[in-house]
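Written below as structure tokens is the structure these notes are about.
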Amino acid sequence: MENMQYAEELVREFIVFRGFTNTLQVFERELSTDVGRSFQVDKIIELVFSVYVPKYQADKLVSLLNFFKQCFSSSSDAVLISTLSKLELSILRYYIVHALQTGRQDKVVEFFASNGNYLLQRREEWLPWFAIPYLKNPSLDPQFRVYFSKDWFDALQLSFHNILSEIFNGTHILKEIKKNTVRRLEADIKQLNQKLSQLQALLETKESEILRLRSIAATVPEICNLQARNSVDSSSHEHTLTDIGNSLLREGCHESTTSNDPHAGATKVANGGDISISANTSQDLVVSKSDVSSISLNRVSPIEAKDKDASQMSISEIRREVMKEDEFPEVSVEFQETFLGHTNPISRCRFSASGTNVASASVDGTVRIWTYGSSTTASRNATIYCGAEIMSLEWDCRSDRLLLIGTADGGIKAWNVDAKRVVCDLNTTQEFPSVMDLKCSPVEPIFVSAAASRRHGFSKIDQMGFASLTVWNMKTWKAMATLPLGKDPPAITSLSFNHNGKILAASATDGMIHMFDMSAGLQITGWPAHDSAVSSVLFGPDETSIFSLGSDGKIFEWSLQNQGQVLWSRDCSRFCYPESEKICRHEIALDSNGRRLLVTSGSVRSPIYQVQDHMSAFKTLPHTAAITSVDWHPTLPIFITGSADHSVRVTSVI
């Protein structure tokens, strides 16, 4: 029935698309009178033997038979294909026999003229038949006599009826139509993706050039300042040397005019007022200048020396430094699927607990639940309209049944995927309207919400005010407790539970990472992790470390055994530069093995860092705009990326 409805929708869509309004009316009328809603075998039999053959509509007959064969051209059922081929041969032979029986040899000649090349593809079976219109009495010819008998015609009708009943009642043809349609669409998508890749490559080139110029532009003023400072220092040194030189000159001149030693090696002042000194004195002056310069430089502090070295770095060297990130190889992709159901930039996208379903949200307040891959059922697909910007998404960790949605107006919706409805609609206090993050416990039926007050600011993080952490019961849908953060605490940006749900990590806009004991409902520790706001925080796979991403683009892996110790770090400021904070709140995602770290990006590509490897990194295939959200499949090497270009991509890597 599902395939039947699918086929009807395809037909209706095609008729409407082509503007066949009369056909549409007839189609709708016949559907309304179709009680059984099943395949009408007798209708096809009647069409062939009562319309196409008696009215000599050979072209339509051949087209219908070719349609049947085309539907099964890719089928693995060899017996079915062979049977259809034999039936086609017999039906076309009956067309010729019927024309001869009714005295229409001209229709036979016309049939061979139109379809001769096609028939000669099966030369051995058709070659003798090309002579039949020229035989005086072909019904008596031993080679053709059987085809003029009523028994053969009855057997042909019965065989055709049986094969049609078999393939249509088993919905073979509808499945094959669907497969062929999907195959053609996939081919079209492949061609479009190739064109898109070409455009993305061009866009990426321009994007990289802009990023390099931005990095150079940001570095050049600093170098100019350093060079100006060094120029001032050099000028000061020159003034010192000039003073020393003038002093020496005055002393030399004084000695020249007062000395009575005729072998002093100096001359008196001439009438023109010119002063000349001995060669030795001149040489001493040069040496003195070098010595003073040397002494002056040796007194420069280590920081100034470092700045001086930086100031002497050429623009080409800076360019090479910036280019290092561009050298990331492109990740090897097994397959990639793009979801284009949104009409606004993506704010969040998340895999479900099993990885079967995907939830994606856009800034217009729309959440889409969808699946990827042709083998996955689409029964849970849904669109949820929330009426405000979606700031957080979280699937229930214990099943794919429940999705939590946090909005910018303080709303927290619980969506039941099976029932396709909102089962609970919660609200934070008016003081904290922005639901920055939601996190479900992996063990207990509770979740924690991180809400923030609002203030004016340049970026999304700057617009966050104070924080509130609330623990909610997922059975009663009531608030259980508020986790302590102190007076006027900075906004919490990200939450992460450990594997048993006993410890909760929370990152804040003041650069702190807080750790909470969920059993006691108290903060047990915390440390300053970044000089800037912390955008995202994640527990490592072995629970002995925690990852954090700062708004400055710095990534750290912190030891939980030796608090404050950095185990691994990377600088992805090329991707998470300050201006990109206007587009999205950056986040990180760790794969199931804890080996690959995926980061959002202000560029069209995102970096994938190999954890604990300070050299190896990859870059994703490009979107056409910034990548605003990322997530990994819970068990497989598959990740999703949401973008400001309104698309979400599922990518399987090798």
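The values are calculated or read from the model by the stated rules, or taken from the named source; none is laboratory data. Since this is a predicted model, take the numbers as computed values, not measurements. Using ideal geometry, Cβ is built from the backbone for each residue, glycine included, and neighbour counts are taken over all protein chains shown.
Results, tabulated for the structure shown:
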{"quantity": "Tally, over the stretch 367-377, of residues that are crowded, with 20+ Cβ neighbours inside 10 Å and free of Cβ contacts under 8 Å to residues at least 60 places away in the same chain", "calculated": "2"}
{"quantity": "Test: residue in the stretch 192-200 that is touching a His at 6+ places or on another chain (Cβ under 9 Å), crowded, with 17+ Cβ neighbours inside 10 Å and either modelled with pLDDT of 80 or more or outside the structural domain of residue 96 (by TED's automatic domain parsing) (or both)", "calculated": "yes"}
{"quantity": "Selected residue [under 15 Å from the mean Cα position of the chain (by Cα) and within 20 Å of residue 533 (Cβ to Cβ)] from 597, 621, 549", "calculated": "597"}
{"quantity": "Residue among 412, 461 that is surrounded by 19 or more Cβ atoms within 10 Å (Cβ to Cβ) and part of a loop (DSSP other than H, G, I, E, B)", "calculated": "461"}
{"quantity": "Some residue of the stretch 62-83 being in contact with a Phe, Trp or Tyr (Cβ under 8 Å, 6 or more places away or on another chain), more than 18 Å from residue 162 (Cβ to Cβ), of a type outside the set (Asp, Glu) and in the same structural domain as residue 159 (by TED's automatic domain parsing)", "calculated": "yes"}
{"quantity": "Test for residue 56: is it of a type in the set (Ser, Thr, Tyr), closer than 18 Å to residue 161 by Cβ, crowded, with 16+ Cβ neighbours inside 10 Å and modelled with pLDDT of 85 or more", "calculated": "no"}
{"quantity": "Condition check for residue 532: modelled with pLDDT under 95, out of contact with any strand residue (DSSP E or B) (no Cβ under 9 Å at 6 or more places or on another chain) and among the polar types (S, T, N, Q)", "calculated": "no"}
{"quantity": "Residue selected from the stretch 123-147 under the condition among the hydroxyl-bearing types (Ser, Thr, Tyr) and surrounded by 11 or more Cβ atoms within 10 Å (Cβ to Cβ), by the criterion modelled with the lowest pLDDT", "calculated": "139"}
{"quantity": "Residue that is aromatic (Phe, Trp, Tyr) and part of a strand (DSSP E or B), where the choices are 432, 447", "calculated": "447"}
{"quantity": "Considering residues of the stretch 355-383 that are in contact with a Lys or Arg (Cβ under 9 Å, 6 or more places away or on another chain) and part of a loop (DSSP other than H, G, I, E, B) only, the residue nearest to residue 631 (Cα to Cα)", "calculated": "356"}
{"quantity": "For residue 525: the one exception among (1) within 21 Å of residue 436 (Cα to Cα); (2) out of contact with any Asp or Glu (no Cβ under 8 Å at 6 or more places or on another chain)", "calculated": "(1)"}
{"quantity": "Hey, residue 563 part of a strand (DSSP E or B), polar (S, T, N, Q), more than 28 Å from residue 627 (Cβ to Cβ) and assigned by TED's automatic domain parsing to the domain that holds residue 471 or not", "calculated": "no"}
{"quantity": "Selection from the stretch 384-409 of residues that are part of a strand (DSSP E or B) and either on the phi > 0 side of the Ramachandran plot or without any contact (Cβ under 8 Å) to a residue 40 or more places away in the chain (or both)", "calculated": "384, 385"}
{"quantity": "So residue 166, is it more than 16 Å from residue 69 (Cβ to Cβ), part of a helix (DSSP H, G or I) and of a type in the set (Asp, Glu)", "calculated": "no"}
{"quantity": "Whichever residue in the stretch 379-419 is under 24 Å from the mean Cα position of the chain (by Cα) and among the aromatic types (Phe, Trp, Tyr) and, among such residues, is nearest to residue 585 (Cα to Cα)", "calculated": "395"}
{"quantity": "Some residue of the stretch 467-489 being buried (at least 19 other Cβ atoms within 10 Å of the Cβ), at pLDDT 95 or above and within 20 Å of residue 631 (Cα to Cα)", "calculated": "no"}
{"quantity": "Single residue of 573, 519, 535 found to be of a type in the set (Ser, Thr, Tyr), assigned by TED's automatic domain parsing to the domain that holds residue 396 and not in a loop (DSSP other than H, G, I, E, B)", "calculated": "535"}
{"quantity": "Near pairs, Cβ below 6 angstrom, 6+ apart or cross-chain, from the stretch 5-17 (surrounded by 14 or more Cβ atoms within 10 Å (Cβ to Cβ)) to any residue that is at pLDDT below 80", "calculated": "7/174"}
{"quantity": "Scan of the stretch 462-520 for residues that are of a type in the set (D, E, K, R) and under 22 Å from residue 546 (Cβ atoms), ordered by number", "calculated": "502, 510, 517"}
{"quantity": "Close pairs (6 angstrom Cβ cut-off, 6 or more residues apart or separate chains): closer than 16 Å to residue 145 by Cα in the stretch 85-99, not in a helix (DSSP H, G or I) anywhere", "calculated": "95/53; 98/53"}
{"quantity": "Extreme residue, surrounded by the fewest Cβ atoms within 10 Å (Cβ to Cβ), among residues of the stretch 490-515 that are over 29 Å from residue 423 (Cα atoms) and touching a Leu at 6+ places or on another chain (Cβ under 9 Å)", "calculated": "515"}
{"quantity": "Looking only at the stretch 551-595, and only at residues there that are touching a Cys at 6+ places or on another chain (Cβ under 8 Å) and under 25 Å from residue 351 (Cα atoms), the one that is surrounded by the most Cβ atoms within 10 Å (Cβ to Cβ)", "calculated": "586"}
